[in-house]
Structure formats: structure tokens, C-alpha cells
1. Cβ neighbours within 10 Å, averaged per peptide: list 153-161, 194-202, 109-117 in order, most packed at the top.
2. Mind sorting Glu205, Glu149 by how few other Cβ atoms lie within 10 Å of their own Cβ, fewest first?
3. With all distinct Cα pairs included, what does the Kirkwood hydrodynamic radius of the range 13-249 come out to in Å, to one decimal, could you say?
4. Kindly write out, for the range 172-186 in residue order, the coupling ³J(HN,Hα) from the Karplus curve 6.51 cos²θ - 1.76 cosθ + 1.60 (θ = phi - 60°), rounded to whole Hz, with x marking Gly and Pro.
5. Taking 30 Å as the cut-off for C-alpha to C-alpha distance, list the pairs among Lys77/Lys238; Lys140/Lys238; Lys48/Lys204 that go past it.
6. Kirkwood-based Rg over Rh for the range 163-247 (C-alpha set), two decimals?
7. Once amide H atoms are placed 1.01 Å from N in the peptide plane, what residues at a sequence separation of 5 or more from Ser119, or on another chain, have their amide H within under 5 Å of its amide H?
8. Would you order Val241, Val166 from fewest to most other beta-carbon atoms within 10 Å of each residue's own beta-carbon?
Amino acid sequence: MEEITKSVYTDWTFWSFAVAGLALLLSQLPPIKSWFRGGRLRIDIFAKMHITHRIGNPNAQVHILLTNAGNRAVQVKAISLEFVRDGGMRFEIPAINYLTTPSDNSPTLLTAFTIQPQSDWGHLVNFIGALTREQEREYKQLEGPLRAELIRLRALPENTDRLVTVDPQFYQQFLPIFNARFVWLPGEYQVRLKVNAYPESASKEATFRVTIFESDSAELRGYTNDYNSGAGISWHSKTHVGVLLNVNAT
């Protein structure tokens with residue numbers, strides 16, 4: 001049983017650890033396409049994307065390669081993924097951290113970085129749905145009683161080395177939050193990788209498509225069935241592996 005630690009939303013390593021086993025696979029796949037759009041940066045996106053969520057908040061992981069094909073240095077200030085589902089739903093996820101190597105379980109915080117001429121930067125990048133201050137405060141208030149009850153139950157002699165579950169009063173309040181924030185609905189999505197760079201003329205975008213099948217969406221929704229044990233809220237379950245999507249060029 002994993003030890004209950006700090007809030008998953010204040011610990012950037014939480015969800016990245018959950019998909020560490022997929023990192024090597026994603027890093028070995030070939031890029032599906034290279035995008036050149038008249039600037040200095042070239043964007044290569046590899047053939048698989050991993051998606052998951054934390055209480056509905058979307059997370060994604062994709063292996064990208066940025067190449068500076070020009071003669072001047074380019075500073076990358078921010079990266080994000082914009083999803084547009086057929087039918088109009090739109091949302092954007094910022095890149096928060098990345099894995100320096102495919103086997104790395106401790107991601108590095110993504111800050112502004114410079115790519116020198118004729119050089120590249122390629123990593124598995126984690127895009128994590130951000131919470132507002134109010135949402136973070138609400139989450140902590142709800143998680144506190146759940147965490148305390150899990151600790152109390154695990155301390156009982158009869159619960160040694162067994163999974164404990166709590167009464168509905170400790171986890172049901174997370175279900176409306178999940179329903180309000182869950183975005184991985186079945187359908188076709190156009191995805192735009194946005195690279196915000198300096199100088200501004202070096203900023204680039206690359207567009208591709210992914211499909212989320214009903215079985216994919218149902219699998220991700222099913223994680224709520226484990227909320228009675230705190231899995232996906234206060235600790236990570238190894239069964240919450242997320243879903244791999246094929247990346248298709250447009």
C-alpha cells in the first residue's frame with residue numbers, strides 16, 4: 001500500500017510516476033510528421049499520446065522534439081496542448097514538467113529554456129490540468145477528512161496489509177467534482193501543440209488528431225469506483241494506468 005503523502009495537486013511527480021512505465025515505449029516510437037511553418041523551429045510529435053486524469057482534471061503525456069533549424073538561438077517560454085472535440089468542446093492543458101530520460105520517475109519542472117542554432121530539445125512532456133486557487137482550497141478541505149480516516153483505518157490491527165475503504169461520506173463529495181471536470185469524452189479531437197517562443201516570430205504550432213473510443217472513456221471514468229479507498233485522490237493505484245491514443249497527422 002502506498003503511503004499517503006501531500007496533495008496530488010501540489011505534487012507534480014504524482015501523476016508522472018503513474019505513467020513512468022509507458023515512458024520508454026513512447027520514447028521509442030517514430031515521429032508521425034515534421035511541421036515546418038516558415039520559422040526557425042521544427043516540431044516533431046511522436047506516434048502515441050498518453051491520457052489520464054486526477055478527479056476529472058485532464059493530464060496528457062506526449063514525446064515531442066523541437067529543433068532549431070535557424071541561425072539564431074530561440075527561447076521557448078511555454079508549451080501547451082489545445083483539444084477541440086468534434087461538436088465544439090474546447091480545452092487547453094499547459095506543459096508543467098518533463099522527463100529528462102524515459103526511465104526517470106522524478107520529472108523536471110518546465111521553465112523557459114533556450115535551443116541553440118542547429119540544436120534540438122526532445123523529451124516526454126507532461127501536460128497537467130491546472131486548478132484555480134478556489135479549486136485547490138476546495139480539494140484540500142475535502143481531502144483532509146478522507147486522508148485522516150484512511151490513516152485511522154490503516155492503524156487498526158485487523159487492517160494490516162489489506163486495502164481499507166471508507167464510508168461514502170468521506171468520498172462521495174469528489175464525484176460531482178469529477179463529473180464537472182472530466183473531459184475525456186468519446187469522439188474525434190483536433191489537437192494543437194502550441195510553442196510560445198522568443199522572439200515571437202519563432203513561436204510555432206503543430207496540429208494532429210486523436211480518437212478517444214467509448215471503451216477508453218469508460219476506463220478512465222471507472223477510476224471513480226476506487227475513490228472509496230482513496231485511490232486517485234490521496235494515493236496512486238497501479239491499476240490506474242491511463243489510456244494510450246494513436247496520434248494521426250492532419
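We did not get these values from a lab; they are worked out from the coordinates using the rules stated. The model shown is predicted, which means the values in this text are computed figures rather than measured ones. Because the Cβ atoms are built from the backbone with ideal geometry, glycine has one as well, and the counts that use them run over all protein chains shown.
1. 194-202, 109-117, 153-161
2. Going from sparsest to densest Cβ surroundings: Glu205, Glu149.
3. Taking every pair of different Cα atoms in the range 13-249, averaging 1/r and inverting gives 19.1 Å.
4. Values per residue, Gly and Pro as x: 4, 5, 7, 5, x, 5, 4, 4, 6, 10, 6, 10, 7, 8, x Hz.
5. Lys77/Lys238
6. The Rg/Rh ratio comes out at 1.13.
7. Long-range HN contacts for Ser119: Asn68.
8. Val241, Val166
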